[in-house]
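All remarks here apply to the structure that follows.
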Amino acid sequence: MSRIISHWRVLFTNSREVKILFALGAVHFSHLLDFMILMPISTLLMTSLDINITQYGYLISTYLAGACLFTFIGFFYIDRFDRKKIFTLTLLGFFSSLLLSAFAVNFTMLLLIRFVVGAFAGLSNSLLFSSVGDLIEEDKRSKAIGWIAIAYSVATIIGVPLGVLISKFLSWRILYILLAVLGFGILYFLHRFYPKFNHRAAATAATKKANPLHHFFIFFLMTGQFLIIPFLAPFMMINQELSEIKVSLSYSYAGLASIFIFPFIGKLSDQIGKNKILCYILILLMVLIVYVTHLLSAPDAILISLISSYIVVSGCVMIPANSLMTSLIAADKRGGFMSLVSSIQYFSLGLASFVGSLIIQTNTSNKILNYASLGYVALFCCLAVLLILLKLNLTN
């Protein structure tokens, strides 16, 4: 941990800046872990609360619905409040609702709690990226987001495996209690080092002008990515007969690689330009989509590398994209703008899952069909993002 902090000091000369970025990274870790952990502990939840697979799907959909709805509402109101206070309150709501999850006695109660968790997670996530825009200079913003994105690596390598062990050998209820306790510690650290910032007084002309096309940009970007991801592991295990252990290893490899790659991509985005590096990564993502969705057979090593590469490249896309979005609007309107961006993101996630479930079918042998067709839809979305970026560059 001390080595990571010392490395951050080299990248960010202001020690207070280092602490706030560390706190924001911890918040991002808590968001990711809460969302990711629900999948590997699904069987424990279903057994404990007598939940069937359809009801389990509702738990995920309800989370996304709560996040989408409340971030959309936040677009109209969030900039009326002091940034530090509203961020603290939304995180308090998020961690408190995680604690409540541990005491759910039936499916209905857990469903309502997951809606509340999603609502507070969505709002606090939008405020997280608003804070990066408020507190970090634009020429270092991509680098900062790259370091915050390492939270994914920590969640993948440490958080999820440890959470599964706690759930299996103790209880999933103990897991949520521990997540809440960890969250309250993160909240204390954030509250202590988050500087006073009057976003209304800091209103200046934005470096770029927000355009309605930016909303379509984030919509197609998120939809294109998440059409593929939910079915990636099942496709590799069922169609390619890759073992569950090797699929898990591929996610761990992706997490390890992203520790080094995410900060590097952030640095490149600041040096070369967000739009340019985003275009390069999108082209690479499109190549990977073609390979993954049209794969007939390959050695296990190739399959593992494809899974890891797709996960890492998908994460890389979001670093310049988030940095770009935080730079489009002045500070006095940034909170509401990023809240709307988050609402579009959550809506895109839900839509991608729905469209994917309509396209993907199985045959009598339970082999997954139409993954290539889903890949074409994802390619269309990526191409739309590239065309929008080109149009915005020409406009500007």
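Where a number appears in this text, it was derived from the coordinates with a stated rule and is not lab data. This one's a predicted model, so the numbers in the text were calculated from it and none came from an experiment. Methodologically, a virtual Cβ is constructed for each residue, glycine included, from the backbone with ideal geometry; neighbour enumeration extends over all protein chains shown.
From its DSSP helices (H runs of at least four residues, each -39,500 (n - 2.57)), the chain gives a residue-normalised ellipticity at 222 nm of -27500 deg cm²/dmol.
For the chain, a Gaussian network of Cα nodes joined below 10 Å ranks N363, N322, N52 by mean-square fluctuation, and the top entry is N363.
With each label modelled as a point 7 angstrom along the Cα→C-beta vector, the A301-K85 pair spans 6.0 nm. On a per residue basis, the convex hull of the C-alpha atoms belonging to the stretch 1-151 measures out at 121 Å³.
Cβ neighbours within 10 Å, averaged per peptide: list 19-31, 264-276 in order, most packed at the top. Walk me through the intermediate numbers first.
Numbers: 19-31: 22.6, 264-276: 19.3.
So the peptides 19-31, 264-276, ranked by packing, come out 19-31, 264-276.
Remark on I368: its backbone amide H falls under 5 Å from those of N239, a criterion applied only to residues 5 or more positions apart or on other chains, H modelled at 1.01 Å from N. Ranking L162, A180, N106 by how far each Cα lies toward the positive end of the dipole of the stretch 103-202 (charges on Cβ) leaves N106 at the top.
Peptide packing for 173-181, 367-375 was compared via the average number of neighbouring C-beta atoms within 10 Å per residue; ordered from the highest value, the list is 173-181, 367-375. Going through the cross-link list K267/K391; K19/K246; K143/K246; K85/K168; K85/K333; K84/K391, which pairs have a Cα-Cα distance over 27 Å in this structure? Flagged as over cut-off: K19/K246; K143/K246; K85/K168; K84/K391. Over the stretch 257-378, what is the relative contact order in percent, taking alpha-carbon pairs closer than 8 angstrom and at least six residues apart? Dividing the mean separation by the residue count of the stretch 257-378 yields 30 percent.
Apply the a/c threshold of 1.5 to the C-alpha gyration tensor of the stretch 148-307 and tell me whether it is rounded, prolate or oblate.
Details: a/c = 2.29, a/b = 1.16, b/c = 1.97.
Oblate.
Judged by the gyration tensor of its Cα atoms, with axes a ≥ b ≥ c, the stretch 65-120 is oblate; a/c meets the 1.5 cut and b/c is at least as large as a/b. Rounded, prolate or oblate: which fits the stretch 84-185 when a ≥ b ≥ c are the square roots of the eigenvalues of the alpha-carbon gyration tensor, with rounded for a/c under 1.5 and prolate only if a/b beats b/c? Oblate shape, in that a/c is at least 1.5 and b/c is the bigger or equal ratio.
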